[in-house]
Amino acid sequence: MDITQERAEDRNLPFNVFAKACPSRGTLEHVTGRWGGLTLGALYEGSLRFNELRRRVDGVSEKMLSQTLHALERDGLVHREAQPTNPPRVDYELTPLGREVAERLLSLIHCLEGRMGDVLAAREHYDGTRGTL
């Protein structure tokens, strides 16, 4: 069986993120990893150039942002458009699938931001009862 047949057969299998070999697991990691989720959230606001995106996702290195964008582009979540200008201009934007995923991530982000008082209180209680940080 050649690789084309193998890939076609893989597409017909039910996906299960809890199965070690399932390709959905890798995509979930790209989306929910530290930089993937923040990158998708930042791009939800609209198309951004690389350095604009890097400034928006505070703390990400150039290398990590580049790797993250490549993974998200490969998964079909981000579209990269290079314009033949001098200097070259590259814009990144969400695909329709990326937009759908980002909407769901932003719901989670907004939930967490809105409940951080509860999270911080829980941490304080946990640390106080366990004698940790």
Axial C-alpha extent at least 20 Å, average Kyte-Doolittle at least -1.0 - helices from the chain (DSSP): 96-114, 116-130
Binning every alpha carbon pair distance of region 30-133 at 5 Å from zero, what are the percents per bin? 2, 12, 20, 19, 15, 10, 8, 6, 4, 2, 1, 1, 0
For the chain, what does the accessible surface come to per residue with a 1.4 Å probe? Please give it in Å². 74
Average Cα contact separation per residue, the chain, under 8 Å, 6 or more apart, as relative contact order %: 20
What value in Å³ per residue do you get for the convex hull of the alpha-carbon atoms in region 54-96? 84
Test item: Cα-centred dipole of region 34-79, Lys/Arg +1 and Asp/Glu -1 on Cβ, debye: 120
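Can you give me the % of accessible surface on the chain that is carbon or sulfur? Probe 1.4 Å, all protein chains present, nothing else counted.
So the carbon and sulfur contribution to the accessible surface is 53 percent.
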If you wrap a convex hull around the Cα atoms of region 24-79, how much volume per residue is inside, in Å³? 68
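The values are calculated or read from the model by the stated rules, or taken from the named source; none is laboratory data. This structure is a prediction, so every number in the text was calculated from the model and none was measured. In this analysis, Cβ positions are derived from the backbone assuming ideal geometry, glycine residues included, and neighbour counts consider all displayed protein chains. SASA here: full protein model, heavy atoms, side chains in, ligands and nucleic acids out. Shrake-Rupley method; radii C 1.70, N 1.55, O 1.52, S 1.80 Å.
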